[in-house]
Every structure is written in C-alpha cells, then in structure tokens.
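A short write-up of the structure that comes next.
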Amino acid sequence: MKLNKIELLNFRSYQQQCFDFESGGNLIIGANGSGKTNLLEAIAYTSIGKSIRYHQDQDLVFNTAEHFAINALYETDLSVPKKLHLSYANSRKILKINGEVKRPLSALFSEVKVIYCAPDDIGLINGSPRMRRQYFDLAISQLFPAYIGILRDYLHVVDQRNQLLKSEYSPSEKKSWDARFAQSLCALYPYRKKYLQLLNQELCGAYKEISENTRNLKINYVPVLRNAFGLMPEIIEQHLQTLEPREKQWQRCLVGAHLDDYSFRIEDFGMRARASQGQKRIAVIILKMIQAQLIESNTGIRPVILFDDVFAELDYVHGEKIKALCNNNYQIFVASPKEDVRQIFGNLQVIRLGSGL
C-alpha cells in the first residue's frame, strides 16, 4: 500500500500541516527538533491507533490545544483509495475509514500496515521483557488481526484473576477463573508459536546476507511455564493448583503470556550479553524487514516502512544492503538530519523541514 497524503491538526509540533508523498519513497531532511520524528509518528499512528513513543494520547496534542486530528489518504496495492480519519478529544478517540465510523480502534490492524524503525529499537535486545512483548504483540497483530482481540480477552482474565487472588475466595471461584485463564492462554499461544516459526524461517538467511556473519540468528520463546506451547488447558490448571500458595502470597498470577519473554540468539549465545552494538543494530533492522516481508506474503498487503534516523549508525555498505531488502516493493520514508543519506537514497523525493531546536 502507499500513503499519498497526510494532514495533521494539532499533532505534536504541527499545528496545521499537509504533506503529499511520492509512491516510491520520501526522504525527510531536517535538523534535530524540526519535526521529522513527529511526522513519522503520525504516519505510524494511522496503523495502530496509538503512539509509538508515548503512552498517553494527551502527550500528542499541540501546545495548549485540546484535541488533535490526522487525515490520511492511502492507496491499496489494487489502486483503491482508503481515507482514514483519526481524532482525539476529551479522552476519546474516533476512527473513520472512508467516512464510516469503525469500532473498535483495532480495526486498523486489518486496514493499514506500517512498520517503524528507529535507533532505540536496539532496546528489543538490550531492554526489558515488557518491551519485547509489546513489540511482538504488535507484530503478531499486524499479521493475524484476530490476535489483538484474543490478547485483550486474555489480559482481562489475568486482571480479574489477580483481583480474585487479592480477596477471600471460594474453591469454586478459583477453579472457574483457573479454567478461563488456561483456555484463554491456550487460545493465545498458537499465534505466538506460528509467528516465531515464520520469522525464524527467514531471519537466519537475511542476517547472514546483511551482516556477512556465518552464524545463525534465531529468536527463542522463553516462557515461565516449561513447554508452554504444548500444554493443554487441563495441565495448566494443574500448575495453577500447585502455585496457589505462592500466588495467594503475592496476590497475582505468576505464570502466563504476560510474563513470558523472547531471546535473541546467535548460535548458542544470547545477543544481549555477548553481541556487539553493531550486531544488535543490524539484527533489529533485519527483524523489521522480515516483519514487512511476512505481512506481504501472508496478507497480500505491502506495508509502508519508516526509517527514523536509522542509517546514521550504519556504514554505506550495510545501508545499501538494507535498502536492497526493501527491493523497491515498499513505499519507504527515511528521516535524517544529514544530507549524506542521499548517497543511499538519492532517488527519493526530498521533503525539507524547517529549523529545529
């Protein structure tokens, strides 16, 4: 798909601004503080209905304004126009697609595919398990839109079960919530398993090609429950019975998908402890490129790819190889404060933003 136009009203540093884009790609040049990242953030917002950088929508509102709005005109790969309107006011968000109000907001996952790449993506390796879970939950939802609803149901059950563990409960209440927890967990795990299978099939070859490293890159799932992907609901319920004294003491659920982790590994060692910063940066960029390829091959939609000052950390050779992965199949947006990125992306439309900080 292609993004042809975006209009911003009271979004971040933009009080009112309109941008027209080229279908092949766009190079956004501007000093730090000129609004490059804010523009990419607005584009990403149209695909997930929330910020990629801040938790609260109120943080996205321009200065003293009380609301913001984003209007985007996409074009599908079949040249069908898709008009999106997203607005926020009074803690309420509205989504319209081709003029029709859509609920819930997660309907976006089936409509628009955007992938955002930034230098702090290295946190997927160096950062917390929560950051990795958030990334993979989003990636899985883009490939399998049904997953977001299953995840929400699961998290609701976890929350209700935690409330139960903080109270005086009867054995029948505990058994009922244990059963619901086990069933919702078993509904969620197949999506994570399938996504990792698809991802790892492509990840190793791409990493070897880009990094010129002969070792295998793989992402392992690290569950709290051993052999989690193969467990039946009845077995999970038995685990919960065993854990009851500890869970009652801690007043919260001590196992499950909301606590599991992902491990980036090269052969038999974890990248977090032993890989160089350069290896990590290459790995996470390749991860995002494979994410794009999986979306295209499994949904038929070519996602829009955003590069937010990513190439400043790469040499020319690696930059060229990353560009080659895009293979002219995707509309790309490259934001950079420096002109030298044009050595790699010289054929893109240049959008120059005003002075920065």
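Note on the chain: antiparallel DSSP beta bridges, both residues inside, total approximately 70 percent of the bridges counted.
Only aspartates and glutamates eight or more places from K5 in sequence, or on another chain, were considered; those with a Cα closer than 14 Å are D20, E22, E75. For Y262, the amide hydrogen comes within under 5 Å of the amide hydrogens of V222, counting only partners 5 or more places away or on other chains and with H modelled in the peptide plane. Projecting label points 7 angstrom from Cα along Cα→Cβ for S263 and S79 puts them 5.1 nm apart. To the nearest 10 degrees, how steeply does helix 233-250 sit against the main Cα axis of the chain, on a 0 to 90 scale? Roughly 90 degrees, rounded to the nearest 10. Ordering V114, V317 from the fewest to the most neighbouring beta carbons within 10 Å gives V317, V114.
For K208, a cut-off of 27 angstrom between C-alpha atoms picks up these lysines, skipping any fewer than 8 places away in its own chain: K113, K193, K194, K218, K280, K288, K321, K323.
In percent, rounded to a whole number, the relative contact order of segment 122-300 is 33, using alpha-carbon pairs under 8 Å and six or more apart. Across the chain, the mean sequence separation of Cα contacts (distance under 8 Å, 6 or more residues apart), normalised by length, yields a relative contact order of 28 percent.
By count of other Cβ within 10 Å, fewest leading, how are Y45, Y154, Y262, Y316 ordered?
Details: Y45 27, Y154 22, Y262 19, Y316 11.
Exposure proxy ranking, most exposed first: Y316, Y262, Y154, Y45.
Think of segment 122-300 as having a plus end and a minus end, set by charges on the Cβ of Lys, Arg, Asp and Glu; of A228, Y189, G123, G123 sits farthest toward the positive end of this dipole.
Rank the residues S184, S91, S211 as a footprinting-exposure proxy: fewest other Cβ atoms within 10 Å of their Cβ go first. Walk me through the numbers on the way to the answer.
Details: S184 23, S91 8, S211 18.
Listing S184, S91, S211 from fewest to most nearby Cβ atoms yields S91, S211, S184.
Estimated from helical segments only, the mean residue ellipticity of the chain at 222 nm is -14000 deg cm²/dmol, where each DSSP H run of four or more residues counts as -39500 (n - 2.57).
What fraction, in whole percent, of alpha-carbon pairs in segment 84-185 exceed 22 Å separation?
That tail contains 53 percent of the Cα-Cα pairs.
Taken together, the values in this text are just the output of simple stated rules run on the coordinates, not laboratory data. In this text, all values refer to a predicted model and were calculated from it rather than measured experimentally. Ideal geometry is used to build each Cβ from the backbone, glycine not excepted, and the neighbour counts take in all protein chains shown.
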